[in-house]
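Participant: Submitted below is the structure of interest, expressed as structure tokens.
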Amino acid sequence: MSKLRNSTTVITIIAMMLLYAMISFVTNLAAPVGEIWEKSLDNSNNIMGMLGNMMNFLAYLIMGIPAGKLLQRVGYKNTALIAIGVGFLGIFVQFLSGVADSFYVYLLGAFIAGFSVCMLNTVVNPLLNLLGGGGNHGNQLNMIGGTLNSLSGALTPMLVGAIIGESLVGKEIDDVNMVLYIAMAVFVLVFVIIVLAPIAEPNRVTADTKFEHSPWSFRHFVLGACAIFLYVGVEVGIPATLISYLSDIETGKGFSYQTATYIAGLYWLLMLVGRFIGSFISNKVSSRTQVTWVSTIAIVLMLCAIFFGNNVSVKMPVNWALEMGELPLASLLLILCGLCTSVMWTSIFNMSVEGLGKYTAAASGIFMMMVVGGGILPVIQSGCADLFAVEGGQGFLYSYVVPVIAVAYILWYALRGSKNVNKYIPVD
């Protein structure tokens, strides 16, 4: 019986790792596809290119709490299957936007896909945290899953860039159909795997479970939800704005869109490296310590990027047979931020739900609702890029003051806000 239980746990963990990769694939598809729509429309601007991304994350605001309740009612496996079905529908609607030649249909598809990734996140994060026993070990499992998440995130914009080619000029949404076909096929494959996998259901909440309080009663959770709102905006905004910055002709570098996506993909690649390293150290180094250090370094990197601008150029350490030439030092500094953001998601989640007990499932739903920050902050950042528009692409760099402020709050949360001051509340 013990061996059967252990094998079921291993299969559950592997299944959750696959879902981690799916989350990143669907999420990171929104920005490059949105860029294609932006270039194909008249009177477009940077904000329009981010609307699909915003719709993807807006779904979190609406679906977060219902997803938590769904998790309580039908369990982890059924919630995952529902999420995968919704994700397939979202990608299919995006495909139909090309058939209908409608930007609004695309936005609807991105919105539906957002429901899917919200539900998947609601399942994956708390389940891996529970299977790991919480604390450092729970964070370690999520960090391993985050490694696959980053790999998928790195490959997605590169895949779109490889299919689109050198320039977005004259491209239509139909030109990215191959990526959408791949996404739908992967959803079908993962659905079959989850159906066959014996998913463990630890600490299942029953109808007899009494809730005297709510996750909102815990100060460290409330502040952590605010931190995740800002973090996701930072994670998405840094590479998305970097693509716009590098492919903008005013930078004077003349990078093609394909090259810009490959360079930005290095950010996600470094997130993969950071999470891979984190998976080894997270059982020894606390989430609080990790976030404190990486937040401080990220702030320094972004401030230096704003300060140096295009005045200093460097050669990329990896050329990948691409004719990248020299890059603005600012772009390299922003890419390095991927090492810093890599450990933030799992560590903030870990600190926020620590000690919540039976309130964890509901807290996860609320937590997912706050992921809407990934749609709001990049739009604000893009608006700042338009507002600060000056020669040489400096407007894009000045816009990074938005993630600087957000990471400053995350640093404060790690140092002060993450302490559980409500331990008197019963959670069993």
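Participant: State, to one decimal in nm, how far the label point of His213 lies from the label point of Phe92, with both points 7 Å from Cα in the Cβ direction.
Facilitator: 4.4 nm
Participant: So, one more: Output the peptides 57-67, 102-112 sorted from most to least packed, where packing is the average of other Cβ atoms within 10 Å over each peptide's residues.
Facilitator: Highest-to-lowest ranking by the protection proxy: 57-67, 102-112.
Participant: If you scale each eigenvalue of the Cα gyration tensor by 5 and take the root, what three semi-axes come out for region 335-412, rounded to whole angstrom and sorted largest first?
Facilitator: 32, 14, 9
Participant: Sort the following peptides by mean Cβ neighbour count (other Cβ atoms within 10 Å, averaged over residues), highest first: 337-349, 400-412, 265-277.
Facilitator: Going from most to least packed, we get 337-349, 265-277, 400-412.
Read-outs throughout are calculated quantities, based only on the coordinates presented, and are distinct from any laboratory measurement. Predicted, not measured: the structure shown is a model, and the values here were computed from it. All Cβ positions, glycine included, derive from the backbone under ideal geometry; neighbour counts span all protein chains shown.
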